[in-house]
Amino acid sequence: MSLTSSIPVLRVSDYQRAKAFWTEVLGFSVAEEAGDPVVGFGIFRRDAARVFLEAWQGPEAPYHRWRAYFHSSDLDGIAKSLTEAGADFKGPTVTEYGMREIEIADPDGNVVCFGQDA
């Protein structure tokens, strides 16, 4: 597998409060937010580090399953490796935000996503 970065996905109870903490206290900037108006998901960046903050609740939340996100330069290679290992996974699928993604759960139910620019 060729991974280029990893991003934690943090659940927050109040998106605006969390956004203020990550930007004003920790010095991160908003790289991207979902929705207009913002609906509770954002990508924050400081230098080369990124974090996803997610306040959506319920099954309709597109990212509610993820605990980490891994960028890859070889998503097909990851899919091949997972298939060869006999793993149960979803994807690759192309998203509305321009990524190809694979999701897989570990034995404890932690879902991680592997993504590559479409």
*asked:* Looking at the range 79-100, I want the residues that are touching a residue at least 12 places away in the same chain (Cβ under 8 Å) and have a partner that is in a strand (DSSP E or B) and open to solvent by 80 Å² or more (accessible area, probe 1.4 Å) with Cβ atoms under 6 Å, at least 6 apart or on another chain. Which pairs are those?
replied: Arg100/Val94
_If a residue must be open to solvent by 20 Å² or more (accessible area, probe 1.4 Å), at pLDDT 80 or above and not aliphatic (A, V, I, L, M), how many such residues does the range 38-68 contain?_
5
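The values are calculated or read from the model by the stated rules, or taken from the named source; none is laboratory data. Just so it is clear, the model here is predicted, and its values are computed rather than measured. Please note: Cβ atoms are built from the backbone with ideal geometry, for glycine as well, and neighbour counts cover all protein chains shown. Note: accessible area is taken over every heavy atom of the protein model, side chains too, but ligands, DNA and RNA are not part of it. Shrake-Rupley method; radii C 1.70, N 1.55, O 1.52, S 1.80 Å.
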